[in-house]
1. Highest mean first, how do 446-459, 540-553, 810-823, 699-712 rank when packing is the count of other Cβ atoms within 10 Å averaged over residues?
2. At a 1.4 Å probe, what is the % contribution of carbon and sulfur to the accessible area of segment 21-133?
3. What does the accessible area per residue of segment 21-133 come to in Å², with a 1.4 Å probe and no ligands, DNA or RNA counted?
4. Measuring from centroid to centroid over Cα atoms, what is the spacing of segment 579-658 and segment 286-335 in Å?
5. Ignoring ligands, DNA and RNA, what percent of the accessible area of segment 279-368 is carbon or sulfur (1.4 Å)?
6. What number comes out for accessible area per residue over segment 760-876 if the probe is 1.4 Å? Units Å², please.
7. Under a point-charge model restricted to the Cβ atoms of Lys and Arg (+1) and Asp and Glu (-1), what is the dipole moment magnitude of segment 578-730 relative to its Cα centre, in debye to the nearest 20?
8. Using the charge dipole of segment 760-876 (Lys, Arg: +1 at Cβ; Asp, Glu: -1 at Cβ; taken about the Cα centre), state which of Val784, Met812, Leu797 has its Cα farthest towards the positive end.
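The values are calculated or read from the model by the stated rules, or taken from the named source; none is laboratory data. Keep in mind the model is a prediction, meaning the values are calculated, not measured. Reconstructed Cβ throughout: ideal geometry from the backbone, glycine too, with neighbour counts over all protein chains shown. SASA here: full protein model, heavy atoms, side chains in, ligands and nucleic acids out. Shrake-Rupley method; radii C 1.70, N 1.55, O 1.52, S 1.80 Å.
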Amino acid sequence: MDKLNGYKNPTPSLTKEDLATREGDFRHLFETTTDGILIIDAETGHVIDVNPFFTETLGYPRQDLVNKPVWEFKFLQKVFSDRNKLVELKQKEFVIHQELPLITTRGDVLDMELIGSPCETEYRKLIKLNFRILKEHKEAQSRLKESETRFSQLAENVPIGIAVSRHGKTIYANRVYLDMFGFEKREEVYGTSHLDQIVPQFRDEVIQRTTDQEQGLPVDPQYEYQGLRKDGSSFPCQTQVSRVDLSDGPAMLGFFTDITNLKISSARIEYLAAFPELSPNPVIEITLAGNINYSNPASQIIFPDLVSLGTMHPCLSEWPKITTELILKKNSQVREIRINGHFYEQTFQYIDSLKTIRIYSHDITKMKRAETDWANSEKRYRRLFEAAQDGILILDADTGAVVDVNPFLVKMLGFTYVQLLGKTIWELEFMEDFIDNKEKFEELKEKGYVRNEDIPLKTAYGKRLEVEFVSNMYEVDHSKVIQCNIRDITDRKTTEAENIILRDKSEISNRLTVVGEMAAGIAHEINNPLTGVIGFSELLMERKDLSADVMENLRIINDGSVRVKDIIKRLLTFARQAKPMKSSVSVNELIDNTLEMRGYVLKTANIEIVKNYDPDLPWIYADPGQLQQVFLNLIINAEYIMKTTHDKGKLTISSYQTDKHIILNFKDDGLGMTDEVKAKIFQPFFSTKAPGEGTGLGLGLSRSIILEHQGTIEVNSMLGIGTTFTITLPITQLEDNKTKTPQVTKKVIKIDRKVVTNARILVVDDEATVSALIKSILSIQGHVVDEANNPEQALKLMEETSFDLIFLDIRMPGVSGMELHKEILTRWPKQAEHIVFITGDTSDLPLKKYMSTQNVPIISKPFNRQTLEEVTDQLLKK
């Protein structure tokens with residue numbers, strides 16, 4: 001390759017050795033750079049050189065590229081399709097192609113940036129092509145910008161002035177720098193020469209230093225000069241300047257310190273030096289030979305062994321080396337030293353006229369400890385800040401800008417550090433629901449301390465978080481900041497909501513327990529007299545000598561009693577949550593049967609019924625009685641609300657199926673519900689009906705029944721439009737009926753009345769009404785019936801007589817029916833085989849458990865005549 005000398009015309013004043021050195025520097029750069037480089041002959045278009053990075057990146061051997069015209073390379077067809085493209089490039093000074101796709105020999109596609117520029121040597125004209133991989137370049141640029149952002153935020157929080165300049169013009173200055181030189185706004189400084197802030201007689205020296213530094217010559221980076229403020233006043237300024245690389249090019253970074261106070265301290269030291277006897281700090285003079293000429297009273301107190309140790313004393317350590325430097329440089333030397341646990345700042349001054357060295361020692365222990373404490377405090381704070389499991393934002397109290405953010409918040413929200421830093425709090429997307437403008441930030445700042453729960457935040461991924469927000473304002477380095485602690489309480493809120501649900505369920509469960517206890521008592525107390533009402537009304541209705549109006553009254557009495565019986569049964573079912581008795585049923589038929597039960601009432605209430613049934617709806621395995629109870633409750637509720645709303649209405653009932661479920665809808669056009677009512681509609685004892693018109697148990701019981709069937713019941717309602725209850729039931733069948741539709745059969749029970757007559761029967765019941773009814777019914781059949789109102793009387797009768805059948809009330813005061821049954825089992829085991837239990841509460845768990853273990857027939861109160869006669873005939877037949 002030709003000697004290119006950096007692709008510039010060689011400077012005539014350079015020697016051959018200089019040229020050789022430059023050629024070596026260029027070759028090293030060419031071989032090691034991480035940009036791909038092609039050197040092309042501008043006249044022929046042939047490649048004359050290629051660097052290793054280019055061949056390694058694309059995978060083309062050097063011999064396949066050198067001495068070939070550039071337009072023959074397929075990977076450069078987009079840029080050099082023919083020779084004319086080369087001519088166009090020669091005529092331009094600079095060409096750039098961004099995001100140029102180049103295909104490697106491995107088949108990979110790399111997005112490259114191509115920069116082409118012509119250059120000239122003393123021998124020929126050339127074109128240099130630089131290729132840069134964009135991904136790595138962009139990542140580097142991003143890292144550099146992030147570093148610059150961090151630097152900018154750091155620069156605003158340090159106590160020294162910082163400024164950045166390029167080509168002698170200021171491009172950045174921090175707040176301390178502005179205050180130091182008397183400026184209010186950054187715009188007053190940006191774009192101005194940094195020499196404007198230097199007293200004129202010092203400018204030439206600063207210019208020379210800067211020039212030497214830019215050329216790489218050895219220069220002490222720290223120096224002093226007189227700074228010039230905006231108002232024309234001056235002050236002693238200490239400066240340290242170094243070269244930095246920014247994302248948009250190199251620049252000069254300067255640190256500036258106002259050393260006025262230091263100068264005052266130095267002047268005081270000089271004053272005290274003139275009167276060392278008065279100085280509270282040690283002052284020592286030592287000859288070049290190492291003899292102590294003088295030590296003031298303070299040195300004798302602080303260093304009592306100074307005279308005896310001489311130059312071996314720690315305060316004079318390394319004095320020969322220091323002496324040599326003092327004599328050569330003709331200036332003072334300063335160092336820090338630790339003696340007997342104390343830190344001292346020592347100033348060594350060479351007095352040429354006396355050929356002695358004067359040493360001033362100033363105790364700086366308190367200052368060092370303060371610095372150490374501050375550094376340790378800063379480390380502790382930083383460790384806490386970085387490791388905190390709460391998100392933390394630090395805001396500038398004046399501007400509202402984010403000056404720092406801890407890693408936990410970055411991770412929690414999914415934003416990068418750079419995306420947050422420097423933005424005002426109202427510019428942060430995730431804070432838009434809380435602080436979305438500067439006025440709200442001012443309110444936050446005015447309060448100083450703010451605590452808010454249930455603040456919704458939106459992460460970078462779109463996830464909504466519930467957070468607790470706590471802000472507090474305090475002062476750091478004479479500047480106020482606001483610390484915002486952000487704690488994710490989403491899980492806590494979820495747990496609280498779950499606890500509320502569990503508490504509600506527990507409350508309902510407790511209320512049901514009370515209802516259960518109450519229901520057992522009600523069942524026993526009501527079912528006993530109800531048994532007599534139902535039974536005797538049936539006996540009277542069989543008489544032929546009663547008038548029609550009396551018979552009608554008896555029918556009303558009987559129907560009302562049966563209704564009370566059903567109410568008690570429903571109450572017990574709700575309170576005890578009994579297991580359903582399931583069989584294969586048609587849901588459509590069940591709904592029709594229920595509608596028939598209410599047909600007359602619906603018709604007289606002007607309620608139109610619309611049926612939208614799926615005719616192919618499969619049969620399901622369910623308790624028909626319980627489902628009918630649910631349907632009836634929904635129909636009655638819809639009827640009531642429509643009648644009270646507009647004295648008419650339309651009830652639409654629809655059914656359809658999905659893959660695994662049957663869906664039923666009961667839709668009315670009544671008043672509808674508020675959200676508050678919907679939230680309580682399934683709670684026990686909650687009712688919207690007028691007092692005395694509803695118990696509040698219907699929908700709660702309906703929900704329990706549907707849940708027992710592994711289904712769901714939901715309500716959808718709009719006030720003024722109407723309400724729809726939706727029931728979802730699983731399509732389940734018995735194993736034997738999975739492949740065929742169950743057939744409907746009606747079981748006809750035939751009772752042979754002539755099996756046994758004149759049986760001796762004992763009735764044991766503390767309720768005279770019940771025992772009298774049983775005696776009346778069975779006496780009509782020809783049986784002889786004895787009554788016992790308590791267990792003691794029953795035992796006495798059994799000692800005297802043998803009975804064919806015994807009806808035993810299981811719940812009695814004093815000695816219970818269970819205890820009497822055990823006594824009979826012990827004394828008359830054969831008689832025990834002919835016992836029938838009668839009870840007013842078949843859902844009482846202890847009773848059910850006992851009765852289920854005894855294999856004894858049971859009659860539930862209240863019972864009718866037919867039930868009693870059937871049980872009696874079946875048992876006597878055995």
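1. Final packing ranking: 699-712, 810-823, 446-459, 540-553.
2. Working: 2960 of 6210 Å².
Reported share for carbon and sulfur atoms: 48 percent.
3. For segment 21-133, the per-residue accessible area is 55 Å².
4. Spelled out, the Cα-based centre of one part sits 111 Å from the other.
5. With neighbouring chains kept in place, the figure for segment 279-368 is 55 percent.
6. I get 43 Å² per residue for this part.
7. That gives a dipole near 260 debye.
8. Met812
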